[in-house]
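For reference, the structure discussed in these notes is given below.
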Amino acid sequence: MPPAPAVPPLSKPRTEVVGNFGVADRRSSAVIGFRKAGKDRAARGRVRRLAGAGMVVPLAAGALLVGGAGPAAAGPGTGPTAVVSMGDSYISGEAGRWKGNSLTNSGSRNGTDRAWVSGGTYDPAKVYGTTAGGCDRSDSAEVLSAGAVAETAVNLACSGATSQNVFRASNGGVSYKGEAPQADQLAAVAASRNVKVIALSVGGNDLGFADIIKECALDFVLWNSYCYDDQQAGVDAKIDGVMADVGKSVDEIRAVMRQAGYADSSYRIVLQSYPSPIPRGAENRYTQSDWSRLNSGGCPFWNRDSDWARDSLVPQLANRLKQVAAAKGTQFLDLRDMMQGREVCARASKQVTSAVPASAKTSEWARWIDNNETQGIIQESMHPNYFGQLAVGRCLALAVAQPADSASSCKNTAGGDQSGMYLTSAP
């Protein structure tokens with residue numbers, strides 16, 4: 001493993017109130033609610049409900065600051081320094097409620113449920129604050145877990161957000177979950193803070209990640225067929241338009257910052273890609289020949305589809321995002337391999353049990369698909385969980401220590417926790 005560059009210690013930045021932004025809902029949805037046993041009628045009913053309701057695998061950035069009035073407006077460089085996250089659920093903090101996955105449905109779920117209060121009482125607001133069930137901005141979201149990147153951290157990202165939710169309203173932006181477009185919220189932050197870093201995760205919802213996950217899961221559970229072929233065709237048809245909108249998101253951020261008096265060189269934009277929440281077929285600890293991937297593992301996907309997602313879809317999106325970053329003069333943070341060996345159902349990781357406690361060194365780093373809908377909400381599925389978010393935060397901290405025009409890939413050290421994350425050159 002190459003030596004990690006110097007980076008500020010992993011201390012939490014102080015959280016402050018920045019108007020009423022960054023306080024919204026944090027949420028992302030995925031596929032859930034299939035069945036408990038092979039072909040029982042109730043299970044098929046759950047699958048039909050899922051298919052009818054659709055599934056959202058939103059990618060959202062996390063929200064952290066809430067509360068009283070912010071400081072008086074200050075010009076660039078005169079307010080406290082700030083790191084800002086924008087975009088979807090993969091940066092908002094979706095699934096930060098969970099420290100690994102456990103089949104135990106009562107109490108603290110073997111210590112995995114951070115929202116547990118007592119008995120059978122759970123309070124998601126313990127993790128997501130006022131954004132619970134909405135933008136799902138968790139207390140472990142990337143900009144918080146990054147540590148001392150800046151004096152303050154502002155999470156404008158929202159689970160389920162698309163590029164249109166980032167654009168300014170004056171340029172096609174659309175409000176989402178009761179909040180103004182994120183670029184318009186950024187304008188207020190830029191006026192009262194000395195913004196140094198803007199981390200952006202966007203494009204996954206534009207591409208239809210939620211539908212892709214839903215269709216691939218349903219092909220495993222119901223149709224006994226593969227999804228990779230028709231889903232790849234859909235991705236190929238959409239991706240040029242998606243990348244154009246990602247590029248426009250960067251342009252919108254630049255425009256807001258320039259209007260606030262910032263020179264492009266006075267801060268950096270870090271455009272990041274997405275990690276794979278599931279392993280390759282050969283790296284899955286459950287066989288695909290029975291229902292263990294669904295009922296025990298929470299990863300109902302065929303080997304062939306898993307290989308396609310891990311080695312084709314996720315890299316294709318990462319490579320295209322890298323091109324956008326280069327064209328727009330932003331830093332690129334490649335997360336495609338960030339959860340290697342830590343994915344849901346990965347052989348190298350374990351579920352949490354009464355005998356195997358939750359641990360960043362042994363537990364899965366992504367939220368599974370809860371086939372019985374007995375733990376939390378659907379939108380948390382297939383997102384980095386608490387451990388995964390600590391790791392991504394470390395990746396951001398390492399990236400900020402690199403040149404502002406660099407392109408790096410963040411990876412984990414097998415058997416280590418977030419402190420073992422390191423950077424290599426992006427492929």
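The values are calculated or read from the model by the stated rules, or taken from the named source; none is laboratory data. Quick caveat, the model's predicted, so the values are computed rather than measured. All Cβ positions, even for glycine, are placed from backbone atoms using ideal geometry, and neighbour counts span all protein chains on display. Side chains are part of the model used for accessible areas, which takes the heavy atoms of the whole protein and leaves out ligands, DNA and RNA. Shrake-Rupley method; radii C 1.70, N 1.55, O 1.52, S 1.80 Å.
A compact table of results
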quantity	calculated
Filter result (open to solvent by 30 Å² or more (accessible area, probe 1.4 Å) and not in a helix (DSSP H, G or I)) within region 190-236	196, 224, 225, 226
Exclusive hit being touching a strand residue (DSSP E or B) at 6+ places or on another chain (Cβ under 9 Å), of a type in the set (A, V, I, L, M) and at pLDDT 95 or above, set 397, 414, 355, 391	391
Identity of the residue in region 256-294, assigned to a strand (DSSP E or B) and of a type in the set (A, V, I, L, M), that ends up surrounded by the fewest Cβ atoms within 10 Å (Cβ to Cβ)	269
Leading residue by the ranking (farthest from residue 273 (Cα to Cα)) among those in region 83-126 that are among the aliphatic types (A, V, I, L, M) and surrounded by fewer than 24 Cβ atoms within 10 Å (Cβ to Cβ)	117
Qualifying positions in region 110-128 - of a type in the set (A, V, I, L, M, F, W, C) and not in a loop (DSSP other than H, G, I, E, B)	116, 117, 125, 127
Tally of residues being of a type in the set (Val, Ile, Thr) and open to solvent by 10 Å² or more (accessible area, probe 1.4 Å) across region 333-379	6
Number of the condition not met by residue 214 [criteria: (1) in contact with a Phe, Trp or Tyr (Cβ under 7 Å, 6 or more places away or on another chain); (2) modelled with pLDDT under 95; (3) charged (D, E, K, R)]	(1)
Residue list for region 295-332, restricted to those being of a type in the set (Lys, Arg) and either buried (at least 24 other Cβ atoms within 10 Å of the Cβ) or in contact with a strand residue (DSSP E or B) (Cβ under 6 Å, 6 or more places away or on another chain) (or both)	322
Verdict on residue 356 being closer than 18 Å to residue 199 by Cα and among the β-branched types (Val, Ile, Thr)	no
Leading residue by the ranking (farthest from residue 79 (Cα to Cα)) among those in region 129-164 that are open to solvent by 10 Å² or more (accessible area, probe 1.4 Å) and in a helix (DSSP H, G or I)	164
Where a residue in region 103-132 is over 20 Å from residue 366 (Cα atoms) and its partner, wherever it lies, is open to solvent by 60 Å² or more (accessible area, probe 1.4 Å) and part of a loop (DSSP other than H, G, I, E, B), with Cβ under 6 Å and at least six apart	117/123
Pairs, first within 14 Å of residue 201 (Cβ to Cβ) in region 75-95, second surrounded by 24 or more Cβ atoms within 10 Å (Cβ to Cβ) and aromatic (Phe, Trp, Tyr), C-beta under 6 Å, six or more apart	90/274
